[in-house]
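Input: a single structure, listed below in C-alpha cells.
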Amino acid sequence: MGTQTNKELFMGGLARALKEQQQVDVRLKAGDSYKFGVSISAHKLVLSARSEVFKKILESDEIKATTKPTITLSELKHKELEAFVE
C-alpha cells in the first residue's frame with residue numbers, strides 16, 4: 001500500500017465529512033421527499049464550488065438569512081439527488 005497524495009487525503013476527508021455529516025450547513029430535499037420523509041445533508045462550500053446553479057441559490061438573501069436552510073429541488077427524485085450529492 002503506497003503513500004496517499006495530498007489530493008487523495010483531501011478527497012478522502014471530504015467524503016468522510018459528508019458520510020459522518022460533519023459541519024453540514026444545508027439540507028437538500030427532492031420533489032418526492034414526502035414519500036421518504038428525509039432530506040440530504042450537504043456542505044454549502046462544496047455545492048457552490050461544484051455548481052454555478054447552487055452558487056447562485058446559496059448567494060440569495062433568503063438562504064443567507066437562514067442558519068441551516070433546506071433547499072427543495074422539485075424536479076429531482078430522491079435517488080437522483082442522492083447520486084448528485086455523492
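A few notes on this one:
- Subset of region 38-63 [open to solvent by 80 Å² or more (accessible area, probe 1.4 Å) and within 21 Å of His78 (Cβ to Cβ)]: Arg50, Val53
- When the test is whether a residue is within 13 Å of the chain's Cα centre (by Cα) and either at positive phi or of a type outside the set (Asp, Glu) (or both), Thr70 passes it.
- Verdict on Ala83 being in contact with a helix residue (DSSP H, G or I) (Cβ under 8 Å, 6 or more places away or on another chain) and small (Gly, Ala, Ser): no
- Filtered by the rule that a residue be open to solvent by 60 Å² or more (accessible area, probe 1.4 Å) and under 15 Å from Ile71 (Cβ atoms), region 28-37 gives a lone residue, Lys29.
- There is no residue in region 68-77 that is assigned to a helix (DSSP H, G or I), out of contact with any helix residue (DSSP H, G or I) (no Cβ under 7 Å at 6 or more places or on another chain) and either open to solvent by less than 80 Å² (accessible area, probe 1.4 Å) or among the basic types (Lys, Arg) (or both).
- No other residue among Lys55, Lys44, Lys29 is in contact with a helix residue (DSSP H, G or I) (Cβ under 9 Å, 6 or more places away or on another chain) and free of Cβ contacts under 8 Å to residues at least 12 places away in the same chain apart from Lys55.
- Restricting attention to region 59-77 and to residues that are within 23 Å of Arg16 (Cα to Cα) and not polar (S, T, N, Q), the residue that is modelled with the lowest pLDDT turns out to be Lys68.
The values are calculated or read from the model by the stated rules, or taken from the named source; none is laboratory data. Note that the structure is a prediction, hence the values are computed from the model and not measured. Glycine also receives a Cβ, built like all others from the backbone with ideal geometry; neighbour counts cover every protein chain displayed. Ligands, DNA and RNA are excluded from the accessible area calculation, which covers all protein heavy atoms including side chains. Shrake-Rupley method; radii C 1.70, N 1.55, O 1.52, S 1.80 Å.
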